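The values are calculated or read from the model by the stated rules, or taken from the named source; none is laboratory data. Just so you know, these numbers come straight off a predicted model, no measurement behind them. Here the Cβ is made from the backbone with ideal geometry for all residues, glycine too, and neighbour counts use every protein chain on show.
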Amino acid sequence: MSIDKPTIRKSPLYVKLKNDRVECRVCERRCKISPGGKGYCKTRVNWKGDLYTLTYGDLSAVESRPIEIKPFFHFWPGSTAITISTWSCNFPCPWCQNWHISRTLPNPETASYTPPEYIISKAVEYGDEGTCVSFNEPIMLFEYSLDLFKEAKEKGLYNTYVSNGYMTIEALDLLIKNGLDGLKIDVKGDLEIYKRVLNADGTIPWRNAEYALEHGVHVEIVCLLVTGISDSELIIDWIIEEHLKRLGPETPIHFTRYYPAYRYREPPTKIDKLEYAYKKARREGILFPYIGNVAGHPYENTYCPNCGNAVIKRYGYSIVKYRLTEDKKCEYCGTRIPIKGKLIQK
């Protein structure tokens, strides 16, 4: 393999071990890789005792998308973000909605290179307010993100990640220092689901959400309630308890509907399961729960936690109406609604 390609770059996060082995420090799998070998995700390679990414600027998608589709509901509502992705993933979710890219491995021999400057120029051309790394797990583009975020900040754009939250603290810290503004983390279930289905530590996403919040990053949590996996009342109750303990009542949480995909063919999540999660979250003290992937459902709106009126009305991924003042207070009772960024109407 030749490393003389624009999509192959040295990673900033690894530790040298004996016999030219390296330990990747980008995600919490912390793969120990022998010379010539690749880690779990197959996006990083040990080349003569150093760690290189194979996906720098090797993009599988580039498009402008509404921020609500991520979903972010309390971050620059109504805005759009230039959204990019690459290949592969560090999780093996059998229900993956984006399996066509998350199960495709990078191929440096056929890869095309897109520089960060081009992505930012397209964001400006499209009238986007920010960037988003999404679709497959964004830390597959970790090294590229660092440069992209810096370019975005120079143009006054925000930066977001739609992630499974399994990066190391070192990686998360570098992302924040380079301009990460918003982090959406998918919580896959309780600790047993992480261990049995994903061979992962289910405390890591919560740890990272807590760390990001403490360091000024806007955080929203998403729980895809997968039929027969993560849709039991016991698991839902545990997630709500963990959310309140770690992130507090103002951090939004989305309970989203699963649909059959990839290798998992159970029927879509029952609506009453989603409604149970929403109502339970409200009873326990979460101020801004939502239901997702059910267009037109009243629980996709934002309600004032004081007077109960709808202050942001949505249909799917579109903002239908604001009932907020410019300083983000409820028009009916004056209660502050925690929203980061501007209210955008397009």
Within the stretch 70-124, restricting to residues that are aliphatic (A, V, I, L, M) and surrounded by 17 or more Cβ atoms within 10 Å (Cβ to Cβ), the one that is nearest to LYS153 (Cα to Cα) is ILE120
Problem - Qualifying residue in the stretch 169-177 (condition: touching a residue at least 60 places away in the same chain (Cβ under 8 Å) and either at positive phi or not in a helix (DSSP H, G or I) (or both)) - result: no
Over the stretch 99-120, the set of residues among the charged types (D, E, K, R) and under 27 Å from TYR262 (Cβ atoms) is ARG103, GLU109
Q.
For the structure I just gave you, tell me whether ARG25 is of a type outside the set (A, V, I, L, M), assigned by TED's automatic domain parsing to the domain that holds SER134 and touching a strand residue (DSSP E or B) at 6+ places or on another chain (Cβ under 9 Å).
A. no
Scanning the stretch 297-308 residue by residue, those surrounded by 15 or more Cβ atoms within 10 Å (Cβ to Cβ) and outside any strand (DSSP E or B) turn out to be HIS297, TYR299, GLU300, ASN301, CYS304, PRO305
Filtering the stretch 310-346 for residues that are of a type in the set (Gly, Ala, Ser), farther than 17 Å from GLU129 by Cβ and not in a loop (DSSP other than H, G, I, E, B) leaves a count of 1
*asked:* Here is a check on your reading of the model: is PHE91 within 24 Å of ASP201 (Cβ to Cβ), assigned by TED's automatic domain parsing to the domain that holds GLY127, part of a loop (DSSP other than H, G, I, E, B) and modelled with pLDDT of 95 or more?
replied: yes
Counting only residues in the stretch 215-274 that are among the hydrophobic types (A, V, I, L, M, F, W, C) and exposed (fewer than 14 other Cβ atoms within 10 Å of the Cβ), the one nearest to ARG196 (Cα to Cα) is identified as LEU234
Expected single match for among the β-branched types (Val, Ile, Thr) and at pLDDT below 95 among THR86, THR114, THR110 is THR110
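So, GLY292, is that one closer than 23 Å to GLY182 by Cβ, touching a Ser or Thr at 6+ places or on another chain (Cβ under 8 Å), surrounded by 18 or more Cβ atoms within 10 Å (Cβ to Cβ) and not assigned by TED's automatic domain parsing to the domain that holds GLU214 or not?
no
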If we keep only residues of the stretch 190-201 that are in contact with an Asp or Glu (Cβ under 8 Å, 6 or more places away or on another chain) and surrounded by 18 or more Cβ atoms within 10 Å (Cβ to Cβ), then the residue farthest from VAL222 (Cα to Cα) is ALA200
Being under 22 Å from ARG323 (Cα atoms) and outside any helix (DSSP H, G or I) narrows TYR259, TYR290 down to just TYR290
Over the stretch 150-164, the set of residues closer than 19 Å to LYS342 by Cα and in contact with a Gly (Cβ under 7 Å, 6 or more places away or on another chain) is ALA152, LYS153, LEU157, TYR158, ASN159, THR160
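Answer yes if at least one residue in the stretch 272-284 is modelled with pLDDT of 95 or more, assigned to a loop (DSSP other than H, G, I, E, B), closer than 19 Å to LEU234 by Cα and assigned by TED's automatic domain parsing to the domain that holds CYS223, and no otherwise.
No: zero hits.
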- prompt: Does the stretch 10-24 include one or more residues that are surrounded by 24 or more Cβ atoms within 10 Å (Cβ to Cβ) and assigned to a loop (DSSP other than H, G, I, E, B)?
  reply: no
Within the stretch 244-256, restricting to residues that are in contact (Cβ under 8 Å) with a residue 60 or more places away in the chain and part of a loop (DSSP other than H, G, I, E, B), the one that is farthest from LYS184 (Cα to Cα) is GLU250
Of (1) in the same structural domain as THR203 (by TED's automatic domain parsing); (2) in a loop (DSSP other than H, G, I, E, B); (3) not small (Gly, Ala, Ser), ILE101 fails just (2)
